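What follows is calculated from the coordinates using simple rules that are stated; it is not laboratory data. All of these numbers come straight from a predicted model, not from anything done at the bench. Cβ coordinates were reconstructed from backbone atoms using ideal geometry, including for glycine residues, and neighbour counts include every protein chain displayed.
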């Protein structure tokens, strides 16, 4: 066996500067990349290190001395910790603005809008997809290249302390909390726990004299923003970047969210986006506010938001051969579910159907929050209601409502009982996999 000594972060960074592509997936090995052999409950990346090198990786970072065969293997004490420390070290070399973003609802869409706006002026980088956890944030930081001028880092959490930890890696200079709602209650214990966890971003920026972008009408966030330099936005006239939602008639004609924004210099822009849901208005205004703060012109801001097309079943409106689909099925919690239902009911009035999936990770609040959504459904009275998942299925429901234990069963049912001529809302937690139903609608 080759005798080796664990390498330092500095040595690892020297290798990263030679091979600046990093991966943790042995199925996807870019040529001349560094493979980090992470471990999980059901896998051990050390066992795939040799395979990664055979596929073209330049280096495999491992934390099992037994797999080391030659100098292409770099032994560390803990591969995940080394990945995080390498990312933090890289971040410390950068002299660019880094915007940290978190929140219960809308953070990924807002991140994408911010990236679109900033990219019209800068070489901007943003978190890819939802790589927003203790692995995804380091990978995002290590994808920042020398030419990058500004970065937007999404931070997710389902337990206290996670945002604080991610801030110590990303070292944000600016921050945005989109909102705080009832999400991941199981991990946070209570709504107060959610508040404490999300505002860890504010605590970091207060300590390090950073700047936050703040919804001026959100009293909860405003209360926690004391002592931090703030740039305000919102649907109130006193906000630095203020806006009003375009008329209900515009909504009904297009199904898309539109706003008229008034910027701090008095310039006005009317923007009709491709996003469904009036709740996306604040996400649009936040992106506009950040763009203006970083000297993007109002014309460029408006053009970037108009051109943005939602993906991954987030606030999308799509037409199939038979129906109009409102796809907000990437994830769900009580506040986002309620907002989606209310907006859908206000825009679509004939031949409506809703397909709702369970809201997960609500802990002891799960039954009450699902019951509250069912009461709202009774009040809104869509023509057809379909509920997917074991939690919704436990309730005694209206006779005409249809329940399914999972999306696979639902997809089979819809293939045999096709809907036609309907406007259909799909909303549910990621774990329910409502996207499996879409091909049958």
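Things to note:
- Using a Förster distance of 30 Å, the FRET efficiency for residue 295-residue 130 (Cβ separation, nearest 0.05): 0.55
- Computed FRET value (nearest 0.05) for residue 89 with residue 400, which takes r as the C-beta separation and R₀ as 41 Å: 0.10
- Approximate shape of the chain as ellipsoid semi-axes (Cα gyration tensor, √5λ), whole Å, largest first: 39, 29, 20
- Segments 113-126, 256-269 sorted - mean Cβ within 10 Å per residue, highest first: 113-126, 256-269
- Computed Rg/Rh of the range 316-440, alpha carbon atoms with Kirkwood Rh: 0.92
- With the simple spin-label model, which puts each label point 7 Å out from Cα in the Cβ direction, the residue 28 to residue 349 separation comes to 4.5 nm.
- Approximate spin-label separation residue 15-residue 416, in nm, with each point projected 7 Å along Cα-to-Cβ: 5.6 nm
- Ratio Rg/Rh [Cα only; Rh per Kirkwood] for the range 20-155: 1.01
- The range 94-307 - Kirkwood radius from inverse mean 1/r over Cα pairs (Å): 17.2 Å
- Fluctuation leader among 317, 96, 34 - the chain, Gaussian network, Cα springs under 10 angstrom: 96
- Summarised in one figure, the compactness ratio Rg/Rh of the range 268-365, Cα atoms and Kirkwood Rh, is 1.03.
- The range 308-441 - share of DSSP beta bridges that are antiparallel (%, nearest 5): 20 percent
- Taking only Cα atoms of the range 9-78, radius of gyration then Dmax in Å: 10.9, 32
- Evaluated at q = 0.12, 0.14, 0.15, 0.18 Å⁻¹, a Debye calculation over the C-alpha positions of the range 210-350 (equal weights, vacuum) places log10 I(q)/I(0) at -0.52, -0.70, -0.79, -1.08.
- Taking Cα atoms only, the orientation of helix 334-347 departs from the longest principal axis of the chain by about 40 degrees.
- Summary value for the range 316-440: 40 percent relative contact order, contacts being C-alpha pairs under 8 angstrom separated by 6+ residues.
- Rounded to the nearest whole angstrom, the semi-axes of the ellipsoid equivalent to the range 109-174, taken from the Cα gyration tensor as √(5λ), stand at 21, 13, 10, largest first.
- Crossing angle, helix 298-307 versus the chain [Cα axis fit, 0-90 degrees, rounded to tens]: 80 degrees
- Using C-alpha pairs below 8 Å separated by at least 6 residues, the relative contact order for the chain is 11 percent.
- Degrees between helix 366-380 axis and first principal axis of the chain (Cα, 0 to 90, nearest 10): 40 degrees
- Ranked 112, 147, 338, criterion: other C-beta atoms within 10 Å, fewest first: 147, 338, 112
- The order of 360, 342, going from fewest to most other C-beta atoms within 10 Å of their C-beta, is 342, 360.
- Each principal axis of the Cα cloud of the range 133-215 was taken in turn, and the coordinate range along them, longest first, works out to 42, 26, 20 Å.
- Cβ-Cβ FRET estimate between residue 7 and residue 311, R0 fixed at 56 Å, reported to 0.05: 0.90
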